[in-house]
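A short write-up of the structure that comes next.
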Number of protein chains: 2
Amino acid sequence: MSVVEKLAVIGCGLIGGSIVRAAREKGAAGQVAVYDRSPEVRARVRELGIADIVADSAAEAVADADLVIFAAPPAAIGEAVREAAPGLKAGAIVSDVGSVKSAIATAMKKAAPKTTFVVPAHPIAGTEQSGPDAGFASLFENRWLIACPLSDDAAYMQAVETLSDFWHALGSNVELMDARHHDLVLAVTSHLPHLIAYNIVGTAADLEESDVTEGEVMKYSAGGFRDFTRIAASDPVMWRDVFLLNKDAVLEILGRFTEDLQALSRSIRRGEGDKLEALFTRTRAIRRGIIAAGQESAEPNFGRNRK
Amino acid sequence: MSVVEKLAVIGCGLIGGSIVRAAREKGAAGQVAVYDRSPEVRARVRELGIADIVADSAAEAVADADLVIFAAPPAAIGEAVREAAPGLKAGAIVSDVGSVKSAIATAMKKAAPKTTFVVPAHPIAGTEQSGPDAGFASLFENRWLIACPLSDDAAYMQAVETLSDFWHALGSNVELMDARHHDLVLAVTSHLPHLIAYNIVGTAADLEESDVTEGEVMKYSAGGFRDFTRIAASDPVMWRDVFLLNKDAVLEILGRFTEDLQALSRSIRRGEGDKLEALFTRTRAIRRGIIAAGQESAEPNFGRNRK
């Protein structure tokens, strides 16, 4: 039996497109409606045949929907909710997938009718690709969905439970968390890694050709650099929004990273081999923990070497 | 027909163990001898049955060898060559696999008999795992081998050609490069990425538990962090040596990275969304170049999502 009668997904890129496919494949929703503000994306979703309804406005897509998931870029979600608002029925669950929760929760609360239940959420899953073609139904399997409830009222908590059931049906594990804490945790596990990856790829690309050419960077990237380029190939608009909307937590964690990097740089300059070896031994254990937690492949090179 | 009659590999970890397996599987050497200064590793190599001879001294392993490849940690190579020197025959090719070339070239030249040909080399290949069990025969296929000739004398260049033929037989593409230039290129494509990965994993592990717990870091690592942990799980001793032996180039490139990071941090603080989006769009193109150059899988998430 489906978790909700009608699901509407607003914004149909990698994440929205994966939700739509997963909801249908796993029977989590009786009917799936989609709206994307790009006419090209709407046309492509119609071609792909992955939704029951591809509407030409947000308000039309959300009409009669029990659950509406906004999967637009983080800074565009408030406006998208405003656009959809006239169509939202009383009691509808209004949720999202944004990588930042405090700022988006505020924007959604402001834009959504008081008769709806706003439950901000974030699936910790994705790839470096974008657009409706990049989505796939198994993206959320064995990944975490963090929901950030804004009230502990009984009717509201019922909405949170329905949202949790929906994500469970998609294969996710669900965790409830305070929005501000989410933003700090994700600054560590996601935002800082992306910032660093974008930066190192930028540094390598900007070297004077007389030092190291871009061709050399690409050719010899198997030594480690190529791993960073995957993350630095993520959606530019989404990540611009993440850094601007989670500015404080990102700059705070970046400050600690920079302090540590200065200490590491000093150890290299001074030739403190014992300190280097101690750090490098400690970091090795973290990966084992992630593999043990089922969040990573144990295969060397992420399994790239598989034939 | 094999490229050399007898190959000796000194140090049998991930890289040495892969060379030994590849040389036999591809018939690149008539006979393969191994020495490792760890008795446990020697015993394990005997058990694995991957070499024709497992010698109990370096000098014994290299006796009559046409090609000797030192695959010990970078700072241990000079001493390993010194140990092997009494056994090296006149005309033998003495090479290595170290990730730093200038310092190792100097150490090898100093330790090797004048009657041998010292040809420093570096295969741009590896995984985050260590030890003889981690090696596999296909590791070098379609990867680059950089050799750094120290002379242009005809007899010497003949030795360089034999070494190139050997690596070609293992499936590698060979490039000749000045040792100092190698060290700068690799500082960009390999050493800085490792330094940054070690640092970010260390920063995350050292956060106060009241902020973000280590359990949370592991649980939500699929947002980007887990990619960094792969590199930060690389061999601690080898990487200690790399940073100490290539100190100048690493600190130079780290300086540029830090400058760029400060500018990026300022853009976030000031809310300069256009600058962020421009950088993030530019970095996306670099990955396409690496995939086009055949040095990376085009599959999303490195193919982790394959079922």
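FYI, it's all coordinate maths here, none of it is from the lab. All values reported here derive from a predicted model rather than from experimental measurement. Cβ coordinates were reconstructed from backbone atoms using ideal geometry, including for glycine residues, and neighbour counts include every protein chain displayed.
General remarks:
- Spatially, region B:1-52 and region B:249-307 are offset by 38 Å when compared through their Cα centroids.
- Among the DSSP helices (H) of chain A, those spanning at least 30 angstrom by Cα along their long axis with an average Kyte-Doolittle hydropathy of -0.5 or more are A:247-270; this is a geometric and hydropathy rule only.
- DSSP bridge pairs, the protein assembly as shown: antiparallel proportion in percent, nearest 5: 10 percent
- Applying 1/(1 + (r/R0)^6) with r as the Cβ-Cβ distance of B:Asp248 and A:Thr106 and R0 = 45 angstrom yields a FRET efficiency of 0.35.
- GNM flexibility winner over chain A from A:Met157, A:Met108, A:Met218 (Cα, springs under 10 Å): A:Met218
- Under 17 Å from the Cα of B:Lys275 - aspartates and glutamates, other chains or at least 8 residues apart: A:Asp206, A:Asp235, A:Asp241, B:Glu259, B:Asp260
- Three-way shape label, region B:181-271, alpha-carbon gyration tensor, a/c 1.5: oblate
- In this label model, B:Ala59 and A:Ala155 are separated by 9.0 nm, measuring between points 7 Å along each Cα→Cβ vector.
- Cα Rg, Dmax, the protein assembly as shown, angstrom units: 27.0, 89
- In region A:46-89, the inverse of the mean reciprocal separation of distinct Cα atoms equals 11.2 Å; this is its Kirkwood hydrodynamic radius.
- Mean partner shielding of peptide A:238-247, defined as the number of other chain Cβ atoms within 10 Å of each residue Cβ, is 4.
- Assuming charge only on the beta carbon of Lys and Arg (+1) and of Asp and Glu (-1), the dipole of the protein assembly as shown about its Cα centre is about 240 debye to the nearest 20.
- Average beta carbon contacts from partner chains per residue of A:290-296, 10 Å cutoff: 6
- The order of B:Val188, A:Val212, going from fewest to most other C-beta atoms within 10 Å of their C-beta, is A:Val212, B:Val188.
- Closest-to-axis residue of chain A (Cβ criterion, axis taking A to B), whole Å: A:Phe302, 2
- Average beta-carbon neighbours from other chains, 10 Å sphere, peptide B:114-125: 1
- Cα-based Rg and Dmax for region B:36-142, where Dmax is the largest Cα-Cα distance (Å): 13.8, 37
- Residue list for region B:167-189, given a label point 7 angstrom along the Cα-to-Cβ vector of B:Asn142 and an amide N cut-off under 19 Å: B:167-175
- Peptides B:224-234, B:40-50 ranked from most to least packed by the mean count of surrounding Cβ atoms within 10 Å: B:224-234, B:40-50.
- Greater than 32 Å apart at Cα, pairs in A:Lys6/A:Lys247; A:Lys26/A:Lys109; B:Lys101/B:Lys219; A:Lys247/B:Lys247; B:Lys6/B:Lys114; A:Lys219/B:Lys26: A:Lys6/A:Lys247; B:Lys101/B:Lys219; A:Lys247/B:Lys247
- Hydrodynamic radius by Kirkwood, which averages 1/r over all alpha carbon pairs of chain A, in angstrom: 21.0 Å
- Label-reachable residues, region B:156-188, where backbone N falls under 19 Å from a point 7 Å from B:Lys114's Cα toward its Cβ: B:156-157
- Distance (nanometres) between label positions extended 7 Å along Cα→Cβ at A:Asp274 and B:Glu214: 2.2 nm
- Dipole moment magnitude, nearest 20 debye, region A:181-296 about Cα centre, only Lys, Arg, Asp, Glu C-beta charged: 520 debye
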